[in-house]
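Each remark here refers to the structure printed beneath this line.
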Amino acid sequence: MGSKKAASKEVYKREARQKVYDKLALALAEFKIGIKDKKFEKKLRKASKLFTVDIIKASKDRDKTPKIPKKKLEKQAEDQVQKSA
């Protein structure tokens, strides 16, 4: 079971890296003119790897934060409205 989980984690990382790479390539396409293709591609790959690591860490941190139930949020909003009135 551990290998399946590790394999799926690697697939997720690879997909995320590819998405970041594609978005960077589109955003920086106008700057590709002055740089050689191989160098540009290499730098894009490196940048996408760096960004992906941070994005995955941030998504893990976001998943760890406790979620407040809707009812509790509604009650807090009602309390704030009553206090301001």
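The values are calculated or read from the model by the stated rules, or taken from the named source; none is laboratory data. Everything quoted here is computed from the prediction, not taken from an experiment. As a convention, Cβ positions derive from the backbone with ideal geometry for all residues, glycine included, and neighbour counts pool all protein chains shown.
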Unique residue being modelled with pLDDT of 75 or more and surrounded by 10 or more Cβ atoms within 10 Å (Cβ to Cβ) when the list is Glu30, Glu78: Glu78
Tabulated pairs, region 36-54, first under 16 Å from Lys23 (Cα atoms), second modelled with pLDDT of 90 or more and hydroxyl-bearing (Ser, Thr, Tyr), C-beta under 7 angstrom, 6+ apart or interchain: Leu44/Tyr21; Arg45/Tyr21; Ser48/Tyr21
